[in-house]
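Report on one structure; see the data block that follows.
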Amino acid sequence: MKTLLTTLLLLIPAFAFAADPAKHVKADEAAKIIAEGKVVIVDVRTPDEFKDGHIKGAKNIDIMSNDFEAQLAKLDKTKPILVHCQAGGRSTRALPTFEKLGFKNLIHLDEGFGGWEAAGKPVEK
């Protein structure tokens with residue numbers, strides 16, 4: 001007979017890893033997607049971080065701003081969205097908001113802008 005604790009531990013992974021709505025990519029694959037020109041790039045870092053350097057063509061929508069969800073809602077939900085932050089944490093937290101708003105084609109830059117820079121990809125200032 002399983003104990004309650006054992007039963008709960010068996011269930012945790014199912015809840016902890018619910019279906020992720022995004023395709024996860026590294027810098028090289030993201031660069032190929034961007035080169036196709038059919039993706040909207042959303043940088044969820046602060047405006048100051050964005051000013052210090054960003055991916056060309058990116059829209060800066062700060063996840064910490066009070067109107068974050070309202071700003072996302074203005075985007076075209078039919079287009080693929082490439083979302084990133086500096087290292088991947090904030091953009092991962094943003095994914096459920098995109099999903100809630102009806103975005104279906106999400107691409108997450110897993111290592112964020114830091115990974116983009118480390119891979120030697122072009123940066124705009």
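The values are calculated or read from the model by the stated rules, or taken from the named source; none is laboratory data. This structure is a prediction, so every number in the text was calculated from the model and none was measured. Glycine also receives a Cβ, built like all others from the backbone with ideal geometry; neighbour counts cover every protein chain displayed. SASA here: full protein model, heavy atoms, side chains in, ligands and nucleic acids out. Shrake-Rupley method; radii C 1.70, N 1.55, O 1.52, S 1.80 Å.
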| Roughly how much of Leu101 is accessible, in Å² to the nearest 10, using a 1.4 Å probe? | 40
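Provide the convex hull volume over Cα atoms per residue for the stretch 85-125, in Å³.
Residue-normalised Cα hull volume stands at 82 Å³.
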| With each pseudo-label sitting 7 Å past Cα toward Cβ, what's the Glu117-Lys23 distance in nm, one decimal? | 2.7
| said: Using the Karplus curve 6.51 cos²θ - 1.76 cosθ + 1.60 with θ = phi - 60°, what ³J(HN,Hα) values do you get for each residue of the stretch 79-86, in whole Hz, with x for Gly and Pro? | reply: 8, x, 10, 9, 10, 7, 10, 7
| How many Å² of accessible area per residue for the stretch 47-125, probe 1.4 Å? | 54
